[in-house]
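Throughout, read-outs are computed from the coordinates displayed, never taken from laboratory work. In this text the structure is predicted, and so the values were computed from the model without any measurement. Quick reminder, even Gly has a Cβ in these numbers, built from the backbone with ideal geometry, and neighbours come from all protein chains shown.
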Amino acid sequence: MNTMMVRKVAAIQMEVRTGDVDWNLQKSLRFLEELRPWEPDLVVFPESVLDGYACRLPELPDLARDGQDMETAAIAEAAKRLNSWILWTYAEKMDGGIYNTAVLMDRQGEIQLRYRKVHLCKEVGEKDAYLAGEAFPVVDMEGLKTGVMICFDRHFPEAARSLALKGAEFILHPTATIWFRPDPDSINTAMMRTRAYENRCFLLSVNLVNYGGGSAFFGPWGNVLAVAGEGEEVLRLHLDPALRDRRPENTFELLGVRRPDTYRDDGP
C-alpha cells in the first residue's frame, strides 16, 4: 500500500523584480497566504525567486543570503502556517562565493534538502556569478523520494539519472528560461518528457513569468499532465502515485536493465 502523504502540489509561476529582494519576498508570501485555504502539501517556486535571478547584476553579492536570514525565516514560518512543504530558491552566500540554491523545507519549516545548481550556463553569465554545486541529494518527503535540479541541469541526462539512481520518484525543477514558453512542439517539451520517461519519475518545472512562463508537470511515462500559460498562475496539481503503475503499451523496463559496466569513455 502506498503511504505517500504528499498529493496536493502548487506550482507558483510568478513575476519577479530582478534585484528587489523585499518585493519578491512579500509577493511570495502573498501567494502562500492565498494558497492556505487549498491546504497544499507542497509549494514550489521558480528559480532564484528571492533575488529575481540576478546573476548578471554586479550587486549579486549584496542580494545573496546565507540561509540564516530573515527572508528564509519568513518562508519557514509560512511553511508552518500552511502545514506545507516549500521549495524555496535564492542566491546563497557562502565562504568563497555564491551558489544558485534551492532548499526544501518540511511542514515545520526545517530544511530537509539543500541543492546547489551543478551545471552553470556560460552563455547567460552563470559561470561568472556562481560556484558550481557538487551533488544531487534526494530526500524522503513523507513516503515520496524527491530530488531537485535547477534550470540548465535539464540539458544533461546525467542530472535526472543521478537522482533516479538514488531513488527519486519526483524531481522538482525550478527554472528561469525562455525555453519554457508554452509550445508542445518545442525541443524543451521533448527534453522534459524524455527526462521523465527515461527515469520513470514525476517532474515539475516551474518557470518565472519574466521568461515566458509555461511551467509544466510531466508524468512517469513521458506524458504532459499540466501546462501553465505565459502569465502569473498557480498550477494546482494532484499527484497520483498510481500513474506509475498504469504502464502504457509499448513501454519497456529501463532502469533495471542498464549496463553501467559498459558506459565508459575510453574510445572504441
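Provide a single number: the residues in the range 110-128 that are part of a loop (DSSP other than H, G, I, E, B) and touching a strand residue (DSSP E or B) at 6+ places or on another chain (Cβ under 8 Å).
Number of matching residues: 2.
Restricting attention to the range 229-244, does a residue exist that is farther than 28 Å from residue 141 by Cα and charged (D, E, K, R)?
Yes, because at least one residue in the range 229-244 is farther than 28 Å from residue 141 by Cα and charged (D, E, K, R).
Could you tell me whether residue 47 is closer than 17 Å to residue 130 by Cβ, part of a strand (DSSP E or B), of a type outside the set (A, V, I, L, M) and in contact (Cβ under 8 Å) with a residue 24 or more places away in the chain?
Working: closer than 17 Å to residue 130 by Cβ: yes; part of a strand (DSSP E or B): no; of a type outside the set (A, V, I, L, M): yes; in contact (Cβ under 8 Å) with a residue 24 or more places away in the chain: yes.
For residue 47, the condition - closer than 17 Å to residue 130 by Cβ, part of a strand (DSSP E or B), of a type outside the set (A, V, I, L, M) and in contact (Cβ under 8 Å) with a residue 24 or more places away in the chain - is not met.
Condition first: in contact (Cβ under 8 Å) with a residue 60 or more places away in the chain and not in a loop (DSSP other than H, G, I, E, B). Now tell me which residues in the range 212-232 satisfy that.
Result: 217, single match.
Can you tell me which residue within the range 1-50, out of those that are in contact with a Ser or Thr (Cβ under 7 Å, 6 or more places away or on another chain) and among the acidic types (Asp, Glu), is farthest from residue 100 (Cα to Cα)?
Top of the filtered list is 41.
Could you pull out every one of the strands (runs of 3 or more DSSP E) wholly within the range 129-185 that has 2 or more residues that are surrounded by fewer than 22 Cβ atoms within 10 Å (Cβ to Cβ) and without any contact (Cβ under 8 Å) to a residue 40 or more places away in the chain?
Correct list: 138-141.
Say whether the condition of being in contact (Cβ under 8 Å) with a residue 40 or more places away in the chain, charged (D, E, K, R), crowded, with 19+ Cβ neighbours inside 10 Å and more than 21 Å from residue 227 (Cα to Cα) is met by at least one residue in the range 61-75.
Checked the range 61-75: at least one residue is in contact (Cβ under 8 Å) with a residue 40 or more places away in the chain, charged (D, E, K, R), crowded, with 19+ Cβ neighbours inside 10 Å and more than 21 Å from residue 227 (Cα to Cα).
Just to verify a result, which residue in the range 1-42, among those that are part of a loop (DSSP other than H, G, I, E, B) and hydroxyl-bearing (Ser, Thr, Tyr), is nearest to the chain's Cα centre (by Cα)?
For the range 1-42, the residue satisfying everything is 18.
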